[in-house]
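Peer 1: I'd like to ask some things about the structure below.
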Amino acid sequence: MKYVDSAQVQKNMGGRLRTNQIMKILFLISTLIGLVVLVVLFYRVLADGLGWINMNFLTNRLSVDADRAGIMGAILGTLWLMLVVAPVTMFLGIGTAIYLEEYAKKGRFQSFIQTNIANLAGVPSIVFGILGLTVFVRGMGLGNIVLAGGLTMALLVLPIVVVASQEALRSVPQFLREASYGMGATKWQTIKKVVLPAAIPGILTGVILALSRAVGETAPLTVIGIPALLIPFPDSILDKFTVLPMQIYYWTIDSALVAEYSNLAAATIVILLLILLIMNSIAVIIRNKFQKRY
């Protein structure tokens, strides 16, 4: 029987405990640094922008006069953009995930598609802007209208929805499918009645992240020529438009010339954050409802 030195064991245990404590402190410091930066950022934005938010700011058109400038055109443009991005992304993204997980045979073809989808998620957003400019704006002759911008942003966030939907479908236990097949259900009936309801919380999470990114992106819209200055309000997906991130970009750049523009940019950031918060809250409520049900 091998002799165990209790002193050495205690020494090793003490070293492991010290290492664990050091790592705990390092991780806590990392978290606090991120939180402090976030709090400072929020404080600066709120301090500069809250005083400029009023009904005139929310309902007026864009103006070179900072006291009369408003963001109603940008708000409407953002909402119209989401009306294009949301259905296109959900239909194509969820449909692709269902095909890859439930219908496609496991092999090189599926691996090739999944690898490319994962790679697309890491492509810089400006590349999608160039793609949208080539295909939708010039190739299809749409111009810089809501439809072209929405299709471009849908391509940008599509990989996020596909990957999240695939993970949600994989998380559904296989015995649920087998039980459905055993009761005589077809494959599509099983997917529709069993798999999709169980996977909806995870799918909605991916959709939330995708739409949040689409709302905050600027580079693709800049490439396809979305104007920062827009007088008419968009009334359909065939009208020209601008969005809140473009408005923030314009006012931030021109704040060097007109100091009040920095306050307008901060106020617009507050409104954009509020819209994102409302969108995410609604989606989280829907997701939690389905989690309780299934």
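All of the numbers you see were taken from the coordinates with simple rules; none came from a lab. Small disclaimer: the values here were computed from a predicted structure and weren't measured. Positions of Cβ are backbone-derived with ideal geometry, glycine not excepted, and every protein chain shown enters the neighbour counts.
Peer 1: What is the chain by shape, rounded, prolate or oblate, if you read a ≥ b ≥ c off the alpha carbon gyration tensor as root eigenvalues and call it rounded for a/c under 1.5, prolate for a/b larger than b/c, and oblate otherwise?
Peer 2: Since a/c reaches 1.5 but b/c is at least a/b, the shape of the chain is classed as oblate.
Peer 1: Starting from the Cα-Cα distance between R138 and N119, subtract it from 0.36 nm times their residue separation and give me the gain in nm to one decimal. Can you show the working numbers first?
Peer 2: Numbers: separation 19, 0.36 × 19 = 6.84 nm, distance 2.57 nm.
Difference between extended and current length: 4.3 nm.
Peer 1: Sticking with this structure for a sec: Please give me the summed charge of the neighbours of G184: other residues whose Cβ is under 15 Å from its Cβ, Lys and Arg +1, Asp and Glu -1. Before the final figure, lay out each step's value.
Peer 2: On the way: positive: R177, K187, K192, K193; negative: E178.
Taking every other residue near G184 into account, the sum is +3.
Peer 1: Same structure again: Modelled label-to-label distance, N288 and E102, 7 Å Cα→beta-carbon offset: nm?
Peer 2: 2.8 nm
Peer 1: Separate question: In what sequence, highest mean first, do 15-23, 57-65, 241-249, 69-77 appear when ranked by Cβ atoms within 10 angstrom?
Peer 2: Numbers: 15-23: 10.0, 57-65: 14.1, 241-249: 25.7, 69-77: 22.0.
In decreasing order of mean packing, 15-23, 57-65, 241-249, 69-77 become 241-249, 69-77, 57-65, 15-23.
Peer 1: Okay, next question. Quick one: in segment 6-52, what % of C-alpha pairs are over 12 Å apart? Present the calculation step by step, with values, prior to reporting the outcome.
Peer 2: Numbers: 779 of 1081 pairs.
Beyond 12 Å sits 72 percent of the P(r) for segment 6-52.
Peer 1: Given contacts defined as C-alpha pairs under 8 Å and at least six residues apart, what's the relative contact order of the chain, whole-number percent?
Peer 2: Values: 350 pairs, mean separation 76.2, N = 294.
Here the relative contact order equals 26 percent.
Peer 1: Where the only charges are on Cβ atoms (+1 Lys, Arg; -1 Asp, Glu), what is the dipole of segment 1-153 about its Cα centre, to the nearest 20 debye?
Peer 2: Values: 12 positive and 6 negative charges, 152 e Å.
Magnitude of the dipole: close to 740 debye.
Peer 1: Label-point separation (nm) for D67 and L273, each offset 7 Å from Cα along Cα-to-Cβ?
Peer 2: 2.8 nm
Peer 1: What residue among G182, G129, G139 shows peak mean-square fluctuation when the chain is described by a Gaussian network model with Cα springs under 10 Å?
Peer 2: Checking each option, the largest mean-square fluctuation is seen for G182.
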